[in-house]
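Enquirer: Dumping the structure here so I can ask a few things about it.
The values are calculated or read from the model by the stated rules, or taken from the named source; none is laboratory data. It should be emphasised that the depicted structure is a prediction, and the values quoted were computed from it without experimental measurement. Reconstructed Cβ throughout: ideal geometry from the backbone, glycine too, with neighbour counts over all protein chains shown.
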Amino acid sequence: MTARKVPADDMANSVKPRRPGRPRGGAINVQQREHLLDITLALYAENGIGETSLNAIARKAGVSPAMLNYYFQSRESLLDIVVEERFLPLRQRLVAHFMDDPRDPVTTFSAFIREVADIVTTHNWFAPLWMQEVMQGEGGLGQHIKKRFGHGERDEVKKLIEGWQQQGLLNPHLEPQLLMTSILSLVLVPFTRFASDPAYSREIIVQHTLSLFCQGIQPTV
C-alpha cells in the first residue's frame, strides 16, 4: 500500500504555532534582574527617562525586547519598579533627617547634605539622573513620583521648615520648596561637574556646601 503524500501546504498548516509565554532562555535570576535595573538606571541618567525606550535597554543589556516586555510588562511598569526599588529607599534616607527627631535647622540640614553626598558617592547614577530630570520640570521624575506614590513626606518636610521659620530659627524669606531644590543643586551640581577631577573630593564639596549654605539659612537680625 502506497503512503499518501501530504502536500507541503498541509504540512505547514499542521505545525502548531508556539504558544505565547515566557521567552526562550528560562526565567531570569535575581542577579540578572538587578543587572537589568542597573542598566536601566544608567541609561536614565545618561539620556533621561523620557528618552529611554525598552528597546534601548534591551540592546544595552544584550537581551531581546520580548524578554523585557515579558518580565516588566511595559516601559511604565519598569519605571515604577526602578523608582520603588532603587530611588524611593534613597529618598527615605534623606527624608528621615527631617522626620526622625529633627533638631535645629543647621544641624538637620548639615546631616542632610552629608547624606546626599554619601548617596552620590555610592550610587553614581543619582546625581546625573537628578540633573536630567530636574530640567524636565513637571514632566520629569518628580511628577511621576507624585502621580504614582504621592508627596506626603515632602509636604511634612515643608511643614517642618515653615515651623522653623515661625519660631524664628530659619530665615523667613526662604521659600521651603525652593530651599530643598537649592540644597540638592548645591551638592549635586559640583559632584556632576567635577566627577572626574581628583582635586574636588567628596569632603571638599561637602565643606564648601556647608560653608555656603549654613550662613544663608540663619534668621535675619
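Enquirer: Regarding the stretch 14-30, can at least one residue be identified that is in a helix (DSSP H, G or I) and modelled with pLDDT under 90?
Expert: Yes; the residues of the stretch 14-30 include at least one that is in a helix (DSSP H, G or I) and modelled with pLDDT under 90.
Enquirer: Looking only at the stretch 50-66, count how many residues are out of contact with any helix residue (DSSP H, G or I) (no Cβ under 6 Å at 6 or more places or on another chain) and surrounded by 19 or more Cβ atoms within 10 Å (Cβ to Cβ).
Expert: Total meeting the criteria: 1.
Enquirer: Could you list, in sequence order, the residues of the stretch 170-190 that are over 21 Å from Arg103 (Cβ atoms) and in contact with a Lys or Arg (Cβ under 8 Å, 6 or more places away or on another chain)?
Expert: Selection gives Gln177 alone.
Enquirer: Just the residues that are among the aromatic types (Phe, Trp, Tyr) and under 15 Å from the mean Cα position of the chain (by Cα), please, taken from the stretch 86-127.
Expert: Once the filter is applied, which keeps residues that are among the aromatic types (Phe, Trp, Tyr) and under 15 Å from the mean Cα position of the chain (by Cα), the stretch 86-127 yields Phe87, Trp125, Phe126.
Enquirer: Continuing with this model, one more query. Can we say Gly150 is at pLDDT below 90, small (Gly, Ala, Ser), surrounded by fewer than 18 Cβ atoms within 10 Å (Cβ to Cβ) and over 18 Å from Pro89 (Cα atoms)?
Expert: When the stated conditions are applied, Gly150 does not pass them.
Enquirer: Right, next: Report yes if Ala127 is closer than 19 Å to Val206 by Cβ, assigned to a helix (DSSP H, G or I), without any contact (Cβ under 8 Å) to a residue 60 or more places away in the chain and not hydroxyl-bearing (Ser, Thr, Tyr), otherwise no.
Expert: Criteria not met by Ala127.
Enquirer: Also, quick follow-up: Which numbered condition in (1) among the β-branched types (Val, Ile, Thr); (2) over 15 Å from the mean Cα position of the chain (by Cα); (3) not in a helix (DSSP H, G or I) is the only one that Ile49 fails?
Expert: (2)
Enquirer: Follow-up question, since we're still on this one. Give the residue, chosen from Asp10, Asp38, that is part of a helix (DSSP H, G or I), under 30 Å from Phe191 (Cβ atoms) and either out of contact with any strand residue (DSSP E or B) (no Cβ under 7 Å at 6 or more places or on another chain) or modelled with pLDDT under 90 (or both).
Expert: Asp38
Enquirer: Return the pairs, sorted by first residue and then second, in which the second residue is assigned to a helix (DSSP H, G or I), the first residue lies in the stretch 189-216 and is surrounded by fewer than 12 Cβ atoms within 10 Å (Cβ to Cβ), the beta carbons are less than 7 Å apart, and the residues are 6+ apart or on different chains.
Expert: From the stretch 189-216, the pairs are Leu212/Leu186.
Enquirer: Taking the options Gly150, Gly168, name whichever one is among the small types (Gly, Ala, Ser), under 20 Å from the mean Cα position of the chain (by Cα) and more than 20 Å from Asn47 (Cα to Cα).
Expert: Of the residues listed, the single one that is among the small types (Gly, Ala, Ser), under 20 Å from the mean Cα position of the chain (by Cα) and more than 20 Å from Asn47 (Cα to Cα) is Gly150.
Enquirer: Only one of Asp100, Asp118 is modelled with pLDDT under 90 and not aliphatic (A, V, I, L, M); which?
Expert: Asp100
Enquirer: Looking at Glu115, Glu175, which is the one that is farther than 18 Å from Asp38 by Cα and surrounded by 15 or more Cβ atoms within 10 Å (Cβ to Cβ)?
Expert: Unique residue meeting the criteria: Glu115.
Enquirer: Can you report the number of residues in the stretch 99-123 which are in a helix (DSSP H, G or I), in contact with a Leu (Cβ under 8 Å, 6 or more places away or on another chain) and more than 16 Å from Glu162 (Cα to Cα)?
Expert: Number satisfying all stated conditions: 7.
Enquirer: Also, quick follow-up: In the list Asp80, Asp104, which residue meets the criterion of being under 22 Å from His208 (Cα atoms), of a type in the set (D, E, K, R) and either crowded, with 18+ Cβ neighbours inside 10 Å or out of contact with any strand residue (DSSP E or B) (no Cβ under 7 Å at 6 or more places or on another chain) (or both)?
Expert: Selected residue: Asp104, the only one of Asp80, Asp104 that is under 22 Å from His208 (Cα atoms), of a type in the set (D, E, K, R) and either crowded, with 18+ Cβ neighbours inside 10 Å or out of contact with any strand residue (DSSP E or B) (no Cβ under 7 Å at 6 or more places or on another chain) (or both).
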